[in-house]
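Since the structure comes first, as structure tokens, the remarks are kept for the end.
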Amino acid sequence: MSTDLEDDLSRVLARAAEGAPQAPTGFPGRIAARSRRRRTRGRALVAAVAMVIVGVTVRGTEGAQLAQTKLPQPVQTVWPDAVWKIPRQLPGLPDFRPVIFIDDRTVLLETEKSDERTDAIYAHDLGTGRTRKIADVPSKKWEYASSYTVGAGRIVWETVDQDEQTRFWSVPVSGGKPAAIDTGGPVKGRGEKLAVVGDRVAFSLAGGGVFTFPLRGGRVTPVAGAERHHILRWPWVATPSELTQDREPSFRELLNAETGQASSAVVRPGERYVRCGVRTCVGMRPDDTHFYRLRDGSRERDLPVSPVLGLGDDRFMAVDPPGAAVGPALLDLATGKQGDLGLPSSDEGRMIGVEPGILQGGLVSYVLRDQYVLIDLARIR
């Protein structure tokens with residue numbers, strides 16, 4: 001496992017350490033040890049880090065008051081249109097990983113080689129249960145695929161090698177042989193997030209900077225004013241990154257890459273570990289209490305801890321229902337609804353949970369016994 005990934009995980013976990021519930025000794029090390037993912041999937045890994053977070057209270061007139069004694073219903077009961085379960089093993093696919101939703105009823109699956117390089121990608125129809133192979137994924141030794149996205153009838157992804165050079169690939173959603181997208185040579189830097197925008201591809205680098213190039217190949221063009229930014233959800237890009245120094249807010253400066261509209265999130269004196277999405281921010285006040293509010297500072301609410309990775313889709317986090325002997329629930333801060341994820345509660349030496357994050361995208365997936373549970377955050381209203 002790469003040192004970069006261990007460092008990334010350690011820094012993210014450290015951001016939430018102050019004021020957070022005490023984890024068992026050696027917890028960050030165990031998280032890093034079990035991740036076993038390559039450096040180019042650092043952010044995908046971080047978005048799946050298991051954390052146990054205590055329950056939430058809401059103040060003010062915005063949103064529903066969360067019940068502190070009533071246990072949540074199963075997540076599939078609370079949001080039946082957004083939750084699916086598929087076998088952990090499918091015919092011909094004894095081991096795979098759900099990656100993204102291709103559309104509202106199809107999920108992209110990825111299989112791996114023994115050295116953790118991607119082997120192939122598949123489309124699984126959640127309605128019929130049928131799986132079809134899309135393509136084998138080409139790569140060189142020490143070159144790993146990540147950041148899959150869909151648009152213009154194609155699946156697009158990037159590969160990053162050990163020298164942190166990024167190349168881009170695409171294949172029709174219907175399947176075929178992947179084609180390298182000619183950008184005049186590899187991009188120097190570790191790519192992190194992609195978006196298909198009409199006939200162009202937008203991407204950002206882990207070190208900062210947003211760029212576009214033609215989907216069919218062509219010159220890479222920097223986005224004006226986004227030299228330090230990262231893609232949150234196109235066309236919105238932001239800076240600084242999710243990994244900051246000296247308690248600097250993450251993604252405070254927001255920019256619409258298409259219109260040039262820019263704004264800065266409200267951060268009050270003494271606030272720490274502030275993490276902002278497109279619409280909301282979470283963080284810690286000077287008195288060590290935690291908050292959730294809109295970027296302009298309005299509609300502020302209390303949280304007992306800040307979500308380690310920010311909020312999924314600006315509104316979702318994982319919580320442990322207070323006093324419950326069950327595992328974590330998915331909480332929608334916009335409505336106050338909670339759905340029990342069906343996972344066992346944490347016990348000493350083992351942290352069990354799911355934590356949506358700012359950069360995760362619309363898919364939350366986790367293993368529950370012999371099944372994968374898939375949650376499409378975009379379908380929760």
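General remarks:
- Boolean, Trp236 is surrounded by fewer than 20 Cβ atoms within 10 Å (Cβ to Cβ), aromatic (Phe, Trp, Tyr), under 29 Å from Val274 (Cα atoms) and out of contact with any helix residue (DSSP H, G or I) (no Cβ under 8 Å at 6 or more places or on another chain): yes
- Of the criteria (1) modelled with pLDDT of 95 or more; (2) farther than 17 Å from Gly357 by Cα; (3) not hydroxyl-bearing (Ser, Thr, Tyr), which one Asp246 fails: (1)
- The residues of region 245-267 that are closer than 27 Å to Arg285 by Cβ and in a loop (DSSP other than H, G, I, E, B), listed by number, are Gln245, Asp246, Arg247, Glu248, Pro249, Phe251, Arg252, Ala265, Val266, Val267.
- First in region 119-148 and more than 21 Å from Arg190 (Cβ to Cβ) and part of a loop (DSSP other than H, G, I, E, B), second anywhere and open to solvent by 10 Å² or more (accessible area, probe 1.4 Å) and modelled with pLDDT of 95 or more, Cβ under 8 Å, 6 or more apart: Leu126/Trp84; Leu126/Thr106
- Condition check for Asp287: surrounded by fewer than 19 Cβ atoms within 10 Å (Cβ to Cβ) and more than 30 Å from Val171 (Cβ to Cβ): yes
So that you can scan it fast, the table gives a plain yes or no per residue for (1) of a type in the set (Lys, Arg); (2) touching an Asp or Glu at 6+ places or on another chain (Cβ under 9 Å); (3) part of a strand (DSSP E or B); (4) free of Cβ contacts under 8 Å to residues at least 40 places away in the same chain:
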{"residue": "Leu243", "(1), (2), (3), (4)": "no, yes, no, no"}
{"residue": "Gly270", "(1), (2), (3), (4)": "no, yes, no, yes"}
{"residue": "Tyr273", "(1), (2), (3), (4)": "no, yes, yes, no"}
{"residue": "Val278", "(1), (2), (3), (4)": "no, yes, no, no"}
{"residue": "Pro286", "(1), (2), (3), (4)": "no, yes, no, yes"}
{"residue": "Phe291", "(1), (2), (3), (4)": "no, yes, yes, yes"}
{"residue": "Asp296", "(1), (2), (3), (4)": "no, no, no, yes"}
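- Counting only strands (runs of 3 or more DSSP E) that sit wholly inside region 150-232, those with at least 2 residues that are in contact (Cβ under 8 Å) with a residue 60 or more places away in the chain and under 22 Å from Phe101 (Cβ atoms) are 154-160, 191-197.
- Complete set of residues in region 135-162 that are open to solvent by less than 10 Å² (accessible area, probe 1.4 Å), closer than 18 Å to Ala195 by Cα and not β-branched (Val, Ile, Thr): Ala145, Ser146, Trp157, Glu158
- Top-ranked residue of region 115-134 - restricted to ones that are basic (Lys, Arg) and within 16 Å of Ile155 (Cα to Cα), ranked as surrounded by the most Cβ atoms within 10 Å (Cβ to Cβ): Lys133
- Within region 239-251, the set of residues being out of contact with any strand residue (DSSP E or B) (no Cβ under 6 Å at 6 or more places or on another chain) and open to solvent by 50 Å² or more (accessible area, probe 1.4 Å) comprises Gln245, Asp246, Glu248.
- Meets criteria (closer than 23 Å to Thr212 by Cα and out of contact with any strand residue (DSSP E or B) (no Cβ under 8 Å at 6 or more places or on another chain)) for Asp81: no
- Screening Gly209 on (1) surrounded by 15 or more Cβ atoms within 10 Å (Cβ to Cβ); (2) on the phi < 0 side of the Ramachandran plot shows it passes everything except condition (2).
- Here Val267 passes the criteria (1) buried (at least 19 other Cβ atoms within 10 Å of the Cβ); (2) among the hydrophobic types (A, V, I, L, M, F, W, C); (3) more than 19 Å from Tyr148 (Cβ to Cβ) except the one numbered (1).
- The lone exception for Leu343 - which of (1) open to solvent by less than 40 Å² (accessible area, probe 1.4 Å); (2) modelled with pLDDT under 95; (3) under 21 Å from Leu254 (Cα atoms) it fails: (3)
- Taken over region 278-301, the criterion of being closer than 26 Å to Gly208 by Cβ and out of contact with any Lys or Arg (no Cβ under 8 Å at 6 or more places or on another chain) is satisfied by Asp296 alone.
- Taken over region 85-109, the residue count meeting the criterion of being open to solvent by 50 Å² or more (accessible area, probe 1.4 Å) and over 24 Å from Ala179 (Cβ atoms) is 10.
- Test for Glu112: is it open to solvent by 40 Å² or more (accessible area, probe 1.4 Å), in contact (Cβ under 8 Å) with a residue 12 or more places away in the chain and within 17 Å of Lys193 (Cα to Cα): no
The values are calculated or read from the model by the stated rules, or taken from the named source; none is laboratory data. Predicted model only: the values in this text are computed from it and were never measured. Note: ideal-geometry Cβ built from the backbone for every residue, glycine included; neighbour counts use all protein chains shown. In case anyone asks, the SASA skips ligands and DNA or RNA and just uses the protein heavy atoms, side chains included. Shrake-Rupley method; radii C 1.70, N 1.55, O 1.52, S 1.80 Å.
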